[in-house]
């Protein structure tokens, strides 16, 4: 059995330069182009992520209103979604005075770039007995045991991120729950006579 293998002359192997890799200059040019592209895209990416955290925080607060309404109906206690704009915290618990401790209470810290603003209702304080209003240590949204929003609850919570963007959590027109809107829509709705309660 014979095998024929062609051999290249030794001179031809050493005379061609190898083209397997990149030169140092080519790598530096690619890195410079990537750095320029990243510096141009960074501002847009930063605003994208800021907007995303605002949207995520607003949706979490809206979900908490649904959860509060559900707990109020199933457990038969008024549920308070409290909001503390000064510390940037909010949470959910059974309104004080009904149980000694709420094992299912939750507390959230808003993103550090987001500020919370509240718009109070002009209705009287909740559960007035003989003309004496029950004091509330924190402002918030109170869901009664029948699942309805108490008239003394906040009508709006504004989640603001810097000067550019904001989302408003506000009472729906029918007064049965909350929705997310733009600040412009919330302002126009208040100008049209407010909310149905």
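A compact table of results
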| item | result |
| --- | --- |
| Residue 44 modelled with pLDDT of 90 or more and either part of a helix (DSSP H, G or I) or in contact with a helix residue (DSSP H, G or I) (Cβ under 6 Å, 6 or more places away or on another chain) (or both) | no |
| Qualifying positions in the stretch 149-163 - over 12 Å from residue 178 (Cβ atoms) and free of Cβ contacts under 8 Å to residues at least 40 places away in the same chain | 152, 163 |
| Selected residue (only one of 134, 144, 189 is over 20 Å from residue 85 (Cβ atoms), surrounded by 15 or more Cβ atoms within 10 Å (Cβ to Cβ) and modelled with pLDDT under 80) | 189 |
| Residues satisfying the stated conditions in the stretch 57-76, i.e. buried (at least 18 other Cβ atoms within 10 Å of the Cβ) and closer than 13 Å to residue 144 by Cβ | 68, 69, 71, 72 |
| Candidate set from the stretch 70-87 (those that are assigned to a loop (DSSP other than H, G, I, E, B) and out of contact with any helix residue (DSSP H, G or I) (no Cβ under 9 Å at 6 or more places or on another chain)); member that is nearest to residue 139 (Cα to Cα) | 85 |
| Candidate set from the stretch 93-105 (those that are under 25 Å from the mean Cα position of the chain (by Cα) and either touching a residue at least 40 places away in the same chain (Cβ under 8 Å) or part of a strand (DSSP E or B) (or both)); member that is farthest from residue 66 (Cα to Cα) | 95 |
| Residue in the stretch 172-180 that is at positive phi, surrounded by 13 or more Cβ atoms within 10 Å (Cβ to Cβ), modelled with pLDDT under 85 and assigned to a loop (DSSP other than H, G, I, E, B) present | yes |
| Residue match in the stretch 116-127 (condition: modelled with pLDDT under 85, more than 24 Å from residue 71 (Cα to Cα) and touching a helix residue (DSSP H, G or I) at 6+ places or on another chain (Cβ under 7 Å)) | no |
| Only one of 67, 90, 108 that is on the phi < 0 side of the Ramachandran plot, at pLDDT 90 or above and in a helix (DSSP H, G or I) | 67 |
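The values are calculated or read from the model by the stated rules, or taken from the named source; none is laboratory data. Note that the structure is a prediction, hence the values are computed from the model and not measured. Glycine also receives a Cβ, built like all others from the backbone with ideal geometry; neighbour counts cover every protein chain displayed.
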